[in-house]
1. What number of residues within segment 298-340 are in contact (Cβ under 8 Å) with a residue 24 or more places away in the chain and polar (S, T, N, Q)?
2. Take segment 240-262 and flag every residue that is surrounded by fewer than 20 Cβ atoms within 10 Å (Cβ to Cβ) and assigned to a helix (DSSP H, G or I).
3. Which count do you get for residues in segment 115-164 that are open to solvent by 30 Å² or more (accessible area, probe 1.4 Å), among the β-branched types (Val, Ile, Thr) and either within 22 Å of the chain's Cα centre (by Cα) or at pLDDT below 90 (or both)?
4. Which one of ALA476, ALA417 is open to solvent by less than 60 Å² (accessible area, probe 1.4 Å) and within 29 Å of SER369 (Cα to Cα)?
5. Might you let me know whether segment 347-356 holds any residue that is in contact (Cβ under 8 Å) with a residue 40 or more places away in the chain and part of a helix (DSSP H, G or I)?
6. Can you tell me which condition LEU363 does not meet? The list is (1) crowded, with 23+ Cβ neighbours inside 10 Å; (2) touching a residue at least 24 places away in the same chain (Cβ under 8 Å); (3) not charged (D, E, K, R), and all the others hold.
7. What are the pairs with Cβ atoms under 9 angstrom where one residue, in segment 516-530, is among the aromatic types (Phe, Trp, Tyr) and the other, located anywhere, is surrounded by 15 or more Cβ atoms within 10 Å (Cβ to Cβ) and outside any helix (DSSP H, G or I)? Sequence gap at least six, or different chains.
8. Quick one: in segment 207-238, of everything that is in contact with a Ser or Thr (Cβ under 8 Å, 6 or more places away or on another chain) and over 19 Å from GLY197 (Cα atoms), which residue is most open to solvent (accessible area, probe 1.4 Å)?
Amino acid sequence: MLAAVIVVPVATTFVANPWSRNRARCPALVSAPWLAGAAASRTATQVLGSQYIAQQARQQEEEDEEEYGAQEEDYEDVEDEEDAADELGKIYEKDEARLAGVDFSAAQQLLEAICELKDEQYIRVQRIVRGWLRSRDVEVGKHEFVYVMRRLRKRKRVKHALEIADWMALSRPRPFTLTTKDNIFRMDLASRCGSVGKAERIFERLAPEHRSEVAYNALLLSYTKKKKRGRAERLFKELKATGTISSCYSLNLLASMYRQLGLDAEVLMLAKEAQKLGVELDMCFYNLLLPAKFRVQGLEEVEKLYATITSPRDRTRFFTCLAMANIYVSAGRNDKVLEMLELIDQGMEAGTIVKQRRRYNVLISMYASLEDGARVERTWERLKQQRQPNTEDYCCIIRAWGKLGHVVRAETIFQVAEANEKSLKYSTVFNAMMFVYSVAGMREEAEGLVQRMEYELGVKLDPWCYHHLVLLYAKAGDIGKMLSTLRAAQAGGKKERRFTPLAATLWAALNTLADAGDVDTAEETLTRWKRSGYRVTTGLYNRLLRAHLVAARPTERFVERMLVDGVVPNGETEKLFNELKVKLS
């Protein structure tokens with residue numbers, strides 16, 4: 001079955017009333033018969049609702065004070081949307097063009113020293129800056145640091161850039177006089193690092209006359225990255241009231257957030273809003289609008305919209321073709337998928353689309369999903385002609401051959417990847433091979449690979465390794481090994497946060513237990529997960545409810561438990577409860 005390469009995550013938006021957001025999805029949710037036993041009294045429901053709201057308020061406060069958050073990188077629209085119409089990135093361009101006497105060679109030395117740090121070592125940046133200043137015999141100006149920050153930002157090392165910006169702003173005495181432009185740039189860096197609280201504080205300190213469209217967009221970026229819908233919409237309303245919207249950038253940010261929240265109808269409303277504002281939509285917005293329109297209005301309307309893009313250059317942009325390809329995947333039109341991929345392929349060969357490593361990997365993955373081994377092989381050879389493959393490339397081609405069922409070819413590539421010493425230090429390449437064995441149901445080979453990793457090579461199993469093992473044992477029907485592997489994954493996550501097991505791993509395990517109607521084991525497995533401190537979702541509770549349905553066992557206080565854990569019933573929950581009621585009657 002063909003699956004889209006790009007999956008936009010749907011995040012849960014918490015609201016004051018835990019039921020209000022779901023009324024639109026399932027109108028009978030509040031008065032549904034299946035709630036009668038779950039929430040016998042209005043008082044009990046109010047208490048649980050208060051606990052839920054208080055829990056979310058605490059979580060919100062923690063997020064607001066969070067200085068750095070995990071940065072999201074995906075192939076679809078984030079990179080395109082942030083780079084195109086990037087007024088914030090160009091904020092210093094005119095100044096830099098006029099600069100005279102700036103020692104760019106010295107600034108480049110500082111840049112290279114900082115780039116030697118790993119992403120998680122950003123805290124060392126200020127020490128490097130102070131050491132660099134001590135080594136300088138001549139006075140250093142502000143624009144040397146501006147140069148370094150802009151280059152770091154361009155390389156997606158925003159945490160490192162923010163450390164320099166914080167040093168410039170918070171050192172006492174201040175090394176340089178900062179302008180509004182400097183403060184806005186620092187706010188942009190804070191937003192990209194996920195520090196909502198810091199971005200808000202910088203914005204609040206700006207004088208009203210200095211709160212330009214660029215400043216509003218810098219703060220809006222922080223809200224949309226963290227999916228804070230309410231705050232983002234209120235800020236956009238304030239921006240509209242100023243009458244200064246001149247670009248599509250703010251609309252792009254909101255559209256990206258709505259897509260990730262699954263609010264496709266809101267994206268269509270934004271397109272109408274742009275017409276009212278007299279703002280011309282750019283291709284970044286179209287790349288978000290196309291899939292949203294497909295989900296709301298269907299394929300025919302999408303093709304009409306695509307036909308309105310008359311510029312040949314715009315019609316053959318990488319992200320536009322990829323958006324259309326994924327739409328055709330969902331519509332089951334493999335012939336059209338191939339047509340879009342061929343446009344990308346031809347554009348890369350003709351030079352109209354930049355040849356990037358990840359773009360070759362996208363083509364390889366999608367050709368594999370189309371079961372087109374010849375094109376997979378051809379694209380892989382072209383990638384190797386462009387540059388020496390790295391770990392990411394090897395993982396992509398190994399998974400591709402695994403999808404196609406060519407285990408031997410995957411093993412051959414794996415051996416080549418193993419020859420790279422850097423690849424042996426991490427479990428990434430092994431994960432790809434574990435995926436191949438999991439898909440092929442080759443249990444003995446997978447367990448042998450795990451033995452090599454742990455005892456011969458000293459490579460620690462990460463969440464994806466455990467995930468593929470759990471899927472393998474679930475497929476083989478070995479419940480005992482599946483659960484013991486899941487417990488090992490949970491134990492690893494307790495020791496190191498980066499080894500936190502995937503919720504999808506528990507989902508797979510609960511789904512297997514649900515198929516068997518093993519309610520007691522499913523309950524115990526979910527309880528153990530929660531006691532380990534890991535987050536639960538509505539989907540996980542729905543798997544548990546499905547186990548009750550298969551076993552024809554009634555539930556007790558099920559909805560209350562969900563609310564206490566901070567999750568809200570959805571349409572699938574209602575459907576499962578109704579089916580259980582029919583089965584028990």
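The values are calculated or read from the model by the stated rules, or taken from the named source; none is laboratory data. Just so you know, these numbers come straight off a predicted model, no measurement behind them. Reconstructed Cβ throughout: ideal geometry from the backbone, glycine too, with neighbour counts over all protein chains shown. Please note that ligands, DNA and RNA were not included when accessible areas were found on the heavy atoms of the full protein model with its side chains. Shrake-Rupley method; radii C 1.70, N 1.55, O 1.52, S 1.80 Å.
1. Counting residues in segment 298-340 that are in contact (Cβ under 8 Å) with a residue 24 or more places away in the chain and polar (S, T, N, Q) gives 5.
2. LYS240, ALA241, THR242
3. Of the residues in segment 115-164, 1 are open to solvent by 30 Å² or more (accessible area, probe 1.4 Å), among the β-branched types (Val, Ile, Thr) and either within 22 Å of the chain's Cα centre (by Cα) or at pLDDT below 90 (or both).
4. On inspection, the qualifying residue turns out to be ALA417.
5. no
6. Tallying (1) crowded, with 23+ Cβ neighbours inside 10 Å; (2) touching a residue at least 24 places away in the same chain (Cβ under 8 Å); (3) not charged (D, E, K, R), LEU363 fails exactly one: (2).
7. TRP529/PRO501; TRP529/VAL536
8. Checked segment 207-238; the qualifying residue most open to solvent (accessible area, probe 1.4 Å) is HIS210.
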